[in-house]
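Some notes on the structure that comes next.
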Amino acid sequence: MAGTIHSASRKLWQTLSAIKTGVILLILVVIISAAGTVILQRPVTDADDMQRAYSPQMLRVLDALGLTDVFHAWWFLLLMTLVSLSIIAASIQRFPNAWRYFARPYKSPDETFRKALPTQAQIPIENEEAGLMAAERAFRRMRLGPERIVGENRFSLFGERNRISELAVYIVHASLLLIFLGGIVDGLWGWRGYVALTRGQQSGQVEAQNGTKHQLPFLIRCDGAGQENYADGSPKKWWSQLTVLEDGRDVLHKEIVVNEPLVYRGVRFYQASYGPTGKLDELVLAASLTSGTGEAKQIALTFDEPAQLDADTSVRMAEFIPDYVVRDGQVYTRSAQVENPAVHLIVESRKTGKTFNFWLPAIPGVEQNAASPYQFEAKDLKTGYFTGLEVSHEPGQWAVWTGVVLMGLGLGVVFYLVHMRFWIVPVHNARGQLVLWLGGTANKNREVFEERFQRLVEEIQVELKIKPEPCAPTHAASLAGV
């Protein structure tokens, strides 16, 4: 039984640490993440837009599969966890060998090693010490960090450049782990919601997509909102003036637009929408006596206070309907859009003790406009507007952005830094001539390495006061006698 468990666990470890497993899982994450950018996501997308984009049956399927909130779906978090475990397993299995190669480089090339090395060259010398000193100066000039190696019966020289390149893949692994860690943390403890505020309104509560209400540790207030349009009238941008209140004090003010959020204590407020509330803030009227005597005067009405027309008569606003329709002698609201507005005014006369229902425009069967002591003409109306804010709390973003920066660093090392190692040993060639044997190797980018090798040969020749001659790196098979 114990043997079976050990065999199964070993097979699981080998599968998890296999490069193929990691690549397949990573491809799945990329495909699903791409799907999450194509399929409309809640709560970023308005519910009405979701219903317009998908049929009810399709929307039910997408919701059931979690595809309308991919990055918080349990199966996506599980997939990211599996990818992370695969990266960790692969790194643990391969890191010891990589570390040995990094920390304990082979510095004393014996005859077998010299014969097998693909790239090598010979430079004739008259004296071993003079040759090594010349090579050492050339190494320093090319920033190869020369190191004298004492062998059993000879000295040699070792130098290298960009050794960190050997560990660059683990920098990339660490960056991926940080990005996935941030995604998992956001999926488990992060949330997204929506709040709509009118001018002057404040709130400390946000409702998430699933109906959960999140209490903020502060209040957010809207001090103003607006819309800028292009010449053809289409929206150019929405903006909102927001204020953060904490302990009764204003602690932060910022104007936000799309892609420029307000961030406070890990909570982000994005500009998501803007539109009319269907409520009237102020109505400007011209009031004149029905008798036609006197001059018309202009008044401004709000729902808060009535306006005094004369010593005995006042008017107040009882009702505002942004888009009205009349059915069966009753006035109804058709929509919140200010498209066909109607205003219900109450004119009160203390002298006669009567009240009159005045409607703008006049609605037959409902209005008492002719009986009113005053007539009114609408001059201007100011309707209320709301700003729609998408609110997100993503506690794992620090890990994501750290991972992104680290990945940029790691990929830069992977693609632009070539690890090169060079060895120089004074030896006698097959003809008994004393020469500096020079060999080198690189972990990638063979062409760059060949150029650097050729340059090193020329630098050593200059130091030895030998006229530099083209000396292409020679394959080891032609130097079998060295």
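Looking for whichever is of a type in the set (Gly, Ala, Ser) and over 52 Å from the mean Cα position of the chain (by Cα) here; the options are GLY131, GLY145. Which one fits? Talk me through it step by step, then tell me what you get.
Working: GLY145 fails: over 52 Å from the mean Cα position of the chain (by Cα).
Exactly one of GLY131, GLY145 is of a type in the set (Gly, Ala, Ser) and over 52 Å from the mean Cα position of the chain (by Cα), namely GLY131.
When each of ASP281, ASP304 is tested for being within 18 Å of ARG199 (Cβ to Cβ), among the acidic types (Asp, Glu) and exposed (fewer than 12 other Cβ atoms within 10 Å of the Cβ), the lone residue that passes is ASP304.
TYR101 - would you say it is without any contact (Cβ under 8 Å) to a residue 60 or more places away in the chain, surrounded by 15 or more Cβ atoms within 10 Å (Cβ to Cβ) and aromatic (Phe, Trp, Tyr)? In short, no.
Residues in segment 334-375 that are closer than 21 Å to PRO322 by Cα and among the charged types (D, E, K, R): ARG334, GLU339, GLU367. Of the set (1) touching a residue at least 24 places away in the same chain (Cβ under 8 Å); (2) part of a helix (DSSP H, G or I); (3) over 30 Å from MET420 (Cβ atoms), all apply to GLN93 but (3).
Taking the listed residues PHE180, PHE139, PHE158, PHE102, the one that is in a helix (DSSP H, G or I), of a type in the set (A, V, I, L, M, F, W, C) and touching a Lys or Arg at 6+ places or on another chain (Cβ under 7 Å) is PHE102, with no other qualifying. Within segment 200-210, identify whether any single residue is on the phi > 0 side of the Ramachandran plot, outside any strand (DSSP E or B) and surrounded by 10 or more Cβ atoms within 10 Å (Cβ to Cβ), and answer yes or no. The answer is yes; a qualifying residue exists.
Count of segment 310-335 residues, restricted to those that are without any contact (Cβ under 8 Å) to a residue 60 or more places away in the chain and part of a loop (DSSP other than H, G, I, E, B), is 7.
Among the listed residues VAL267, VAL257, which satisfies the condition of being over 22 Å from PRO395 (Cα atoms) and either out of contact with any Cys (no Cβ under 8 Å at 6 or more places or on another chain) or surrounded by 13 or more Cβ atoms within 10 Å (Cβ to Cβ) (or both)?
Answer to the check: VAL257.
Look at (1) under 30 Å from ARG268 (Cβ atoms); (2) out of contact with any strand residue (DSSP E or B) (no Cβ under 6 Å at 6 or more places or on another chain); (3) not hydrophobic (A, V, I, L, M, F, W, C) and you find that GLN330 fails only one, number (1). Here LYS351 meets each of (1) within 16 Å of ALA318 (Cα to Cα); (2) over 57 Å from the mean Cα position of the chain (by Cα); (3) touching a residue at least 12 places away in the same chain (Cβ under 8 Å) with one exception, condition (1).
To keep it simple, each residue is scored yes or no on (1) charged (D, E, K, R); (2) in a strand (DSSP E or B); (3) out of contact with any Cys (no Cβ under 8 Å at 6 or more places or on another chain).
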position: LEU381; (1), (2), (3): no, yes, yes
position: TRP398; (1), (2), (3): no, no, yes
position: VAL404; (1), (2), (3): no, no, yes
position: VAL425; (1), (2), (3): no, yes, yes
position: GLU450; (1), (2), (3): yes, no, yes
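Residues are listed down the side, and each one gets a yes or a no for (1) under 30 Å from GLY396 (Cβ atoms); (2) in the same structural domain as LYS465 (by TED's automatic domain parsing); (3) in a strand (DSSP E or B); (4) polar (S, T, N, Q):
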{"position": "LEU79", "(1), (2), (3), (4)": "yes, no, no, no"}
{"position": "LEU82", "(1), (2), (3), (4)": "yes, no, no, no"}
{"position": "PRO109", "(1), (2), (3), (4)": "no, yes, no, no"}
{"position": "GLN120", "(1), (2), (3), (4)": "no, yes, yes, yes"}
{"position": "LEU144", "(1), (2), (3), (4)": "no, yes, no, no"}
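Among the residues of segment 356-374, is there at least one that is small (Gly, Ala, Ser) and under 30 Å from LEU176 (Cα atoms)? No; the residues of segment 356-374 include none that is small (Gly, Ala, Ser) and under 30 Å from LEU176 (Cα atoms).
Please work out if SER108 is among the hydroxyl-bearing types (Ser, Thr, Tyr), touching a strand residue (DSSP E or B) at 6+ places or on another chain (Cβ under 7 Å) and over 22 Å from GLU450 (Cβ atoms). Yes, satisfied.
The values are calculated or read from the model by the stated rules, or taken from the named source; none is laboratory data. Keep in mind the model is a prediction, meaning the values are calculated, not measured. No Cβ is skipped: glycine too gets one built from the backbone with ideal geometry, and neighbour counts run over all protein chains shown.
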